[in-house]
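Q: Below: one structure in structure tokens.
Coordinate-derived values only; no laboratory data. Just so you know, these numbers come straight off a predicted model, no measurement behind them.
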Amino acid sequence: NANANANTNVNANHNTHDSNNNNNNLNDTDKIQSRLLAVVTQLKTGVDIRDRHYHMKKYKQCFVAQDAVQWLLQHPAVSNCANEEQVLQLCTQLVQFHLIERASKKSKAKRQAEDDAPTFKNGTKYFYIFKDLDSFNFFFFFFFFIIIIANMYIHIYIYIYMYIY
């Protein structure tokens, strides 16, 4: 019994430690996402977003990768990066968090087959687009609206139930 209790306490402590790590990881992810959203907001105002042509293909409302890298290097207060390598890592995070994506005429399946882990490619021939954050905002607004409505109906139901009985 003493061994069983000791094992239970160790497992409980281990599980508590794991849940604390998971909460810390979630908080870290939230901090990273907040930082990246702030960078994207500033970057949108700093790079030239327009239709571009390359090899007789038109890419709509995009920016040049190299322009973004140069802008982030020139604005270390925004990027918090001291050199080009750090800026490229930051831009790769923007791609991985789906805040920007390559402006490509290839299908999404072909792009995913080429890139198992999405990375940011620097240069004048690489075009990127900002993902539409308004669709994310609409989704969350709609989701919370549904929760509020459902909560309201539950309260009405409880009130009626209490009134009848």
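Q: Out of residues 5 or more away from Tyr126 or on other chains, whose amide H comes under 5 Å of its own, with H placed 1.01 Å from N in the peptide plane?
A: HN-HN under 5 Å from Tyr126: Ala65, Gln66.
Q: Starting from the Cα of Lys121, draw a straight line to each of the aspartates and glutamates and keep only those under 14 Å, dropping any in the same chain fewer than 8 residues away.
A: Asp67, Glu84, Glu85, Glu101
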